[in-house]
1. Return the total of residues in the range 103-156 being under 14 Å from the mean Cα position of the chain (by Cα), at pLDDT 85 or above and either under 24 Å from TYR365 (Cβ atoms) or not assigned by TED's automatic domain parsing to the domain that holds CYS359 (or both).
2. Answer yes if at least one residue in the range 358-373 is part of a helix (DSSP H, G or I) and at pLDDT below 85, and no otherwise.
3. So for the range 208-221 (the condition being in contact (Cβ under 8 Å) with a residue 60 or more places away in the chain, crowded, with 17+ Cβ neighbours inside 10 Å and over 30 Å from SER437 (Cα atoms)), does at least one residue qualify?
4. Of the conditions (1) touching a residue at least 60 places away in the same chain (Cβ under 8 Å); (2) closer than 30 Å to GLY187 by Cα; (3) of a type in the set (D, E, K, R), LYS307 fails just one. Which one is it?
5. For MET26, indicate whether it is surrounded by fewer than 22 Cβ atoms within 10 Å (Cβ to Cβ), outside any loop (DSSP other than H, G, I, E, B) and within 19 Å of the chain's Cα centre (by Cα).
6. Those residues that are closer than 20 Å to PHE109 by Cβ, crowded, with 21+ Cβ neighbours inside 10 Å and of a type in the set (A, V, I, L, M, F, W, C), I need them from the range 165-193; list them, please.
7. For the range 403-414, indicate whether the set of residues that are in contact with a helix residue (DSSP H, G or I) (Cβ under 9 Å, 6 or more places away or on another chain), closer than 13 Å to SER62 by Cα, among the aromatic types (Phe, Trp, Tyr) and at pLDDT 95 or above is non-empty.
Amino acid sequence: MNKLFKIDITKIKIIIFYASLFLLTMAVSIKYNGLDVDLWARLIMGNHVYHKGFPMFSDVVSYTKTHVWYDPEWLSSGFIYFIRIKFGAVGLTYLKGILVFLTFVVISFALKDKISHKESPRNIGFYLFLLLISLQSSIIVYSVRCQLITFLLMAIWIYLLEKVRKGKDLYLYFLPFIMIFWLNVHGGCISGVGVLFLYAVGEFLNKKPYKKYLITLVFVCLAFFINPWGFDYIKFIIESAYLDRSWISEWQSPFSASIKAHIFYKALLFGAFICYGYKIFVKKIKFSMLDKTKLIILLTLALLSAKYIKHSGLFIVVYSIFSYEDFYFTYNSLMEKLRQYLQIDIIVAKYLSYFREICVYFLIYTYSFFVFVTVPVTYSYYARVLEHFPIQPLRFLELNNIEGKVFSGFYNGSFIAYKYYPKLKIYMDGRQEQVYSSRLFDESMFFLNWFGDYPNAAIDRIKPDIILVEKIWKCNKHLDENHEYKKAYSDDKYNVYLKNNLQKFTYKYPDKEFVKYLDNIFDTTFDYSKVKK
């Protein structure tokens, strides 16, 4: 009877943990919410996938020269579009929260197999810490992105590979099939190939069977042929790996971000290796006894994440699996030293530990219910929408029936295309290498920054009818002096310049009632039966 009672208590604690984790991830997803600038391209592709059943192979929304649209995210785009039309904006927010939650669930299962029985894989404080770190990286929880699927699949990938390291080789058979799915939902599939190779290297250095990983790697690479574009897609993936993306914020170093993000991320990087080093020092582990696979994977992803913000999410996932035991070994060791120094009785320390856990759960439930009550899900992303998209300038163009070719920052391109094609056609958007040449992207950045020997190339080569740019860019000064264009609209953030033939004597201006525009933020006139290049 007593044994049954203990089992019930254990199950209740597990239920409480996962319920708390779900509430926490959903609350954070609602509180820190926005619409990614590339979401609109996802919806354009998703619209086609949903209605046609296959990807859109060519671009239609741009007036510049494009090539075949190689889209590694075509399948996830269809899924995001399905969620959008069936469940609205609320559905996108919940989808984001569910993907983050599932990633943490897989991490907890991976930890259950990996760590010693002395430590629980469900210490809620650790997952709270991961979410705080994730908020600083601005990658994991701020918006619906196909990248979230990569984080989930990476957690599953490592979970299976850790099973294999315990002698369960049958799990290797799942990897090529997972890769077939992965390479059609997000370009982050390359990271799976890299991690599998690092497992082979690490196990070779561990003097354990490693050939099985290399054989599996061959089949995983062959899986790349199962895509809508065939061999051309593989060439595109290889070429994309060597592109210079230094203009793009998420391909810059996290240390170039805000001071707060800089401090948090450094704490994560150094904390991982300090805890690992402390454990090695205390247990006097010799180099020959170190897990080379763990060390190589942590070092590789730490270096990549220190170089690119884009990889910080992957490092957080991998860090959580490989460093969890080190983190709690260090924490428990230091707490024990503190207990002895303060001469606190072991029983008292145990109750203090329970009290700490209760406080963390109380904090999570209080915060979660506060968010659910005070932050309406439907409107939670609106503040960030106003920050990131030129809603009012586009309303100005719509009110005055102004149509034509629009030049704007690439990050606004998808939004303009989604909302106003075919009346407005864009120079380019965030699809960069997927659709455009690198020259187009570089020339757009040269123009915005008014940099280089010929900064006006993007405008001179194909004269756009409309130039819509933020006031922060240096090109505004030169546009004010350009006789071919005249400023027709200006607000706190944007300027709109029109070619002389589009000028009017009087204009209608949008009012300041943003909410009624935001309520229709997902409305589009995009009709695939009428698309023309």
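1. Residues flagged as under 14 Å from the mean Cα position of the chain (by Cα), at pLDDT 85 or above and either under 24 Å from TYR365 (Cβ atoms) or not assigned by TED's automatic domain parsing to the domain that holds CYS359 (or both) within the range 103-156 amount to 1.
2. no
3. no
4. (1)
5. So MET26 passes the test.
6. LEU175, TRP182
7. For the range 403-414, residues in contact with a helix residue (DSSP H, G or I) (Cβ under 9 Å, 6 or more places away or on another chain), closer than 13 Å to SER62 by Cα, among the aromatic types (Phe, Trp, Tyr) and at pLDDT 95 or above: present.
Table: residues versus (1) hydroxyl-bearing (Ser, Thr, Tyr); (2) more than 30 Å from LEU303 (Cα to Cα).
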residue	(1), (2)
PHE315	no, no
TYR319	yes, no
THR330	yes, no
ALA349	no, yes
ILE364	no, yes
SER368	yes, yes
THR374	yes, yes
THR378	yes, yes
LEU386	no, yes
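The values are calculated or read from the model by the stated rules, or taken from the named source; none is laboratory data. Computed from a prediction, not measured in an experiment: that's the story for all the values here. So basically every Cβ, Gly included, is an ideal-geometry build from the backbone, and we count neighbours across all protein chains shown.
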